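Scroll down for the structure; my scribbles are underneath it.
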Amino acid sequence: MKIVKYAAGLLGAALLPTGAALAAWELNMPVGVTELSRDIHGLHMLIFWICVLIAVAVFGMMIYSIVKFRHSQGAVPANFDHSTKAEIVWTIIPVAILVGMAIPAAATLVKIEDTRDSDMTVKVTGYQWKWEYEYLDQNVKFFSTLARDSDAARQTGSGVDPTTVKNYLLEVDNPLVVPVGAKVRVLLTSNDVIHAWWVPAFGMKKDAIPGFVNELWFRADEPGTYRGQCAELCGRDHGFMPVVVNVLPQAEYDSWLAQQKGGEQAAPAPAAASAQTVENAAPATAAAAE
């Protein structure tokens, strides 16, 4: 049965247009638009190729030994049961490989946790099922909730076709707005259950835990709109609390911030005329949402 399903999947992929087929078979992690996401991707590729080389060496030696020293060729089994030199070699080499992998991994982990010299700090609080963003020292605070058209389409018996809703389940009424090139420190907590703030294009995902403050940081290098979701099973409607971040040029961000400080109701950030909108969305399906 599994073979039939696999064959059907291959046939379906083959019938897709070239671009769609390539997208369907994209297996690698995205590079992202922050220095952390690029560092994580670079570390991922480094470890991947080290593993490929190890696999080639090990399986190559195994295949060579099986073919070269097979019984039909008159190979005679060795009569020794211990080799100090061999044990030293197969102990030193793996240790050297692990140390070589640990050094760049540790450097990346240290960088991920280094929130010093941040340009701004935003406190993010998770609720069932929305986010609260508070710009510390700016007296700006608002809630970010699933957009009304997505909320209407998700209702059972609504009669609305979700495919007609743009960015279905990945749009909000009030996105988080930050300036491009700024190091943003995010303080994460929760008011009820465990949530997780996740934007794939930033390479960052951390839990928001009640009574505890987690932190992360990002610096987006490209203006645009970046989308993610709560990545924890935080309750019945957990699939309906997306994360949307608008990264604006500094002048547009300053204008938006001044508008918020003016006491007006928080509204979606203005679209950047010169910015390329990036729809880096986390996968969202109605099945996962339910």
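The values are calculated or read from the model by the stated rules, or taken from the named source; none is laboratory data. All values reported here derive from a predicted model rather than from experimental measurement. Here the Cβ is made from the backbone with ideal geometry for all residues, glycine too, and neighbour counts use every protein chain on show. When the accessible area is computed, the model is the full protein with side chains, heavy atoms only, and any ligands, DNA or RNA have been set aside. Shrake-Rupley method; radii C 1.70, N 1.55, O 1.52, S 1.80 Å.
Scan segment 187-216 for residues that are at pLDDT 95 or above, surrounded by 17 or more Cβ atoms within 10 Å (Cβ to Cβ) and within 19 Å of Asp117 (Cβ to Cβ) and the total you get is 3.
Matching residues to (1) in contact (Cβ under 8 Å) with a residue 40 or more places away in the chain; (2) of a type in the set (Ser, Thr, Tyr); (3) touching a helix residue (DSSP H, G or I) at 6+ places or on another chain (Cβ under 7 Å):
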site: Ala153; (1), (2), (3): no, no, yes
site: Ser158; (1), (2), (3): no, yes, yes
site: Pro162; (1), (2), (3): yes, no, yes
site: Leu169; (1), (2), (3): yes, no, yes
site: Val172; (1), (2), (3): yes, no, no
site: Leu188; (1), (2), (3): yes, no, no
site: Val193; (1), (2), (3): yes, no, no
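For segment 187-216, a residue qualifies if it is aliphatic (A, V, I, L, M) and under 15 Å from the mean Cα position of the chain (by Cα), and the qualifying residues are Ala196, Val199, Ala201, Met204, Leu216.
So which of Thr108, Thr115, Thr91 ends up being open to solvent by less than 40 Å² (accessible area, probe 1.4 Å), closer than 30 Å to Ala55 by Cα and among the polar types (S, T, N, Q)? The unique qualifying residue is Thr108. Scanning segment 73-87 for residues that are part of a helix (DSSP H, G or I) and open to solvent by 90 Å² or more (accessible area, probe 1.4 Å) yields Gln73, Lys85.
Filtering segment 217-239 to residues that are closer than 20 Å to Tyr127 by Cβ, buried (at least 21 other Cβ atoms within 10 Å of the Cβ) and either under 15 Å from the mean Cα position of the chain (by Cα) or hydrophobic (A, V, I, L, M, F, W, C) (or both) leaves Arg227, Gly228, Gln229, Cys230, Cys234. Do we have any residue at all in segment 167-186 that's farther than 17 Å from Asn246 by Cα, out of contact with any Ser or Thr (no Cβ under 6 Å at 6 or more places or on another chain) and open to solvent by 10 Å² or more (accessible area, probe 1.4 Å)? No, segment 167-186 contains no residue that is farther than 17 Å from Asn246 by Cα, out of contact with any Ser or Thr (no Cβ under 6 Å at 6 or more places or on another chain) and open to solvent by 10 Å² or more (accessible area, probe 1.4 Å). Considering Ser255, Ser274, the condition of being of a type in the set (Ser, Thr, Tyr) and modelled with pLDDT under 95 is satisfied by Ser274 alone. Report yes if Leu43 is open to solvent by less than 90 Å² (accessible area, probe 1.4 Å), in a helix (DSSP H, G or I) and closer than 24 Å to Tyr226 by Cα, otherwise no. So Leu43 passes the test. Taking the criterion of being assigned to a loop (DSSP other than H, G, I, E, B) and open to solvent by less than 50 Å² (accessible area, probe 1.4 Å), the residues of segment 120-157 that qualify are Thr145, Ala147. When Ala96, Ala147, Ala153, Ala105 are checked against the criterion of being aliphatic (A, V, I, L, M) and over 27 Å from the mean Cα position of the chain (by Cα), Ala96 stands alone in meeting it.
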